[in-house]
Amino acid sequence: MPTAPLPRTYRVKSFGCQMNVYDGERMAELLGAQGIQPAPEGEESDLVVLNTCHIREKAAEKVYSDIGRLRRKDGTAPMIAVAGCVAQAEGEEIMARAPSVGIVVGPQAYHRLPGMIAEAAQGRRAVDTDMPAETKFDVLPARRKVGASAFLTVQEGCDKFCTYCVVPYTRGAEVSRSFSDLMAEAERLVEAGAKEITLLGQNVNAWRDDGNRGLEKLIEALADLPGLARIRYTTSHPNDMTDGLIEAHRDIEKLMPFLHLPVQAGNDRVLRAMNRSHTVASYLKVLDQVRTVRPDIALSGDFIVGFPGETDTEFEDTLKLVEMVGYSQCFSFKYSPRPGTPAATMDGQVPTQVMDERLQRLQAALNVSQQAFNHASVGRRCQVLVERKGKLDGQWLGKSPWLQSVHFIGDAAIGDLVDVDLIEAGGISLSGRLV
Ligand code: SAH
Ligand code: SF4
Ligand code: F3S
């Protein structure tokens with residue numbers, strides 16, 4: 001790799017989950033603190049950070065095509081750093097396959113980016129996929145610029161080892177950040193203008209303080225922050241929904257009535273093969289408890305179709321579950337065999353065509369569910385947190401307490417909490433009238 005001047009401008013592209021997006025923001029802040037500026041819209045940057053996701057096949061393939069596309073006509077390329085979960089899982093392979101990549105950095109080591117950039121500028125390619133004892137959170141600069149709604153990573157990693165999933169390998173073991181660190185970062189986010197904080201974790205409800213306080217205690221403390229209006233958390237595992245956290249949905253007004261609780265499949269044999277460690281019945285019981293304390297709660301989930309060995313009848317159990325629960329929104333995916341996971345070598349891999357057909361049927365059912373939820377909201381009056389301008393003159397976009405996108409026309413500003421009557425449900429959003 002040739003030597004190059006230190007980069008003056010950067011661009012960070014994030015491809016993954018909300019935590020991946022959070023990491024992308026933190027990397028941008030870190031680069032900013034080094035005096036490197038975000039590249040102006042439409043202009044090439046000296047440094048490109050590809051913040052990758054490894055959860056499904058296409059995600060990784062996209063990285064290689066993106067690297068290819070960064071090549072200029074004269075054969076040169078900007079300084080390229082591959083970060084995120086593909087970097088963690090396939091660091092050495094990326095270095096071998098893509099000579100234009102100067103830096104590979106994993107999700108637990110990106111606080112070391114400045115040193116790696118200096119190395120790369122000297123013509124030395126740098127790889128760091130350590131999961132170091134010192135945490136990135138102790139080193140990263142304070143947050144300065146955030147929108148009305150901000151993310152806060154409270155917990156990382158996963159000890160659950162579902163048989164299809166790479167996260168335990170790319171993010172490592174479950175680690176919780178300390179209560180005092182989180183309160184300090186939350187205060188800074190509020191000072192920077194955040195009205196809503198979404199607590200993030202691969203298993204956010206497994207968060208524990210040293211003193212063994214559960215997530216509800218953190219939520220309780222955050223609710224006392226003046227200036228913070230809304231609290232959310234995602235993603236939760238059904239087995240970590242404690243009574244305390246469920247009751248928080250009744251007792252803490254700032255905790256929004258929304259729960260993302262992935263189930264993956266509606267059949268117990270499939271759930272066992274997935275090593276989900278919950279059953280359909282135990283999942284439904286949790287939903288029941290939450291609905292008892294918070295009847296208006298909006299429910300969301302993740303689904304995988306075509307897990308190895310899944311039969312037609314077993315898939316249909318998933319459709320039945322969807323109908324039974326009545327979700328407000330969901331994510332659904334075709335099973336993707338991931339290298340190194342037990343499911344990748346299981347018997348009974350389902351043909352793509354069958355997966356396509358199942359996904360279509362599932363998404364149609366989820367769509368019906370979402371439409372029903374949105375239509376049932378028409379006539380409600382609620383608060384909307386204004387997040388950005390809409391396309392039309394005087395139009396604003398924001399979120400209802402149930403995480404629905406709402407647009408309305410009127411006098412408002414980003415960060416306002418306004419009262420809105422929900423008057424019409426469209427495909428994916430609702431239109432509202434300012435009260
Ligand atoms: N910790 C969360 C999910 C993290 S990954 C949980 O357990 O719920 C986000 C979603 O990606 C998962 O819920 C799952 O639906 C999907 N997913 C993970 N691995 C997958 C794979 N190999 N193929 C298809 N979808 C997958
Ligand atoms: Fe992956 Fe399962 Fe952990 Fe979720 S709980 S991150 S699906 S291993
Ligand atoms: Fe993807 Fe890593 Fe998130 S694999 S889903 S970016 S934890």
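No value in this document is a laboratory result; all are computed from the given coordinates. On a predicted model such as this, the values are computed, not experimentally measured, just so you know. Note: ideal-geometry Cβ built from the backbone for every residue, glycine included; neighbour counts use all protein chains shown.
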Charge dipole (the chain, unit charges on Cβ, about Cα centre) - positive-most of Gly214, Leu397, Gly123
Gly123
With Glu44 itself left out, Lys, Arg at +1 and Asp, Glu at -1 over residues whose Cβ is under 15 Å from its Cβ give +2
GNM on the chain, C-alpha springs below 10 Å: top fluctuator among Pro308, Pro295, Pro238?
Pro295
Residue order, fewest to most beta carbons within 10 Å, for Val146, Val354:
Val354, Val146
Does region 381-434 come out rounded, prolate or oblate, given a ≥ b ≥ c as the square roots of the eigenvalues of its C-alpha gyration tensor, rounded meaning a/c under 1.5 and, failing that, prolate meaning a/b above b/c?
rounded
Dividing the surface of the Cα convex hull of the chain by four yields a projected area in nm² of 21.5 nm²
Lys and Arg at +1, Asp and Glu at -1: add these up for the other residues within a Cβ distance under 15 Å of Arg144 and post the number.
-1
Go through the cysteines of the chain and tell me which have no other cysteine Cβ under 4.7 Å away.
Cys17, Cys53, Cys85, Cys158, Cys330, Cys382
Vicinal HN-Hα couplings computed from phi for region 13-20 (Karplus, 6.51 cos²θ - 1.76 cosθ + 1.60; Hz; Gly/Pro x):
10, 9, 10, x, 6, 5, 5, 5
Apply the a/c threshold of 1.5 to the C-alpha gyration tensor of region 9-128 and tell me whether it is rounded, prolate or oblate.
rounded
Determine, for Glu314, Glu191, the number of other Cβ atoms within 10 Å of each Cβ, and report the residues in order from fewest to most.
Glu191, Glu314
Charge dipole (the chain, unit charges on Cβ, about Cα centre) - positive-most of Tyr169, Gly301, Gln371:
Gln371
Measure off 7 Å from each Cα along the Cα-to-Cβ vector at Ser100 and Asp296, then give the distance between these two points in nanometres to one decimal.
5.2 nm
The chain: most fluctuating residue of Gln370, Gln289, Gln264 per GNM, C-alpha cutoff 10 Å
Gln289
Reduced to Cα centres, the span from region 309-362 to region 63-93 in Å works out to 32 Å
Highest-fluctuation residue, Pro38, Pro342, Pro99 considered, GNM on the chain with Cα pairs under 10 Å
Pro99
What is the sum of charges around Glu61, taking Lys and Arg as +1, Asp and Glu as -1, for the other residues whose C-beta is under 12 Å from the C-beta of Glu61?
+1
Quick one: which residues, 5 or more positions from Leu255 or on another chain, have an amide H under 5 Å from its amide H? H modelled 1.01 Å from N in the peptide plane, none for Pro or chain starts.
Ile231
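Which FRET efficiency value, to the nearest 0.05, is calculated for Met131 and Phe161 with the Förster distance at 22 angstrom and r the Cβ-Cβ distance? List each step's numbers first, then the result.
Details: r = 16 Å, r/R0 = 0.75.
Calculated transfer efficiency: 0.85.
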To the nearest 500 deg cm²/dmol, what mean residue ellipticity at 222 nm is calculated for the chain from DSSP H runs of n ≥ 4 alone, each contributing -39,500 (n - 2.57), summed and divided by the residues?
-10500 deg cm²/dmol
Cut-off is 10 Å between beta-carbons; in what order do Thr318, Thr279 appear when sorted fewest neighbours first?
Thr279, Thr318
Cα gyration tensor, region 136-377 - rounded (a/c under 1.5), prolate or oblate
prolate
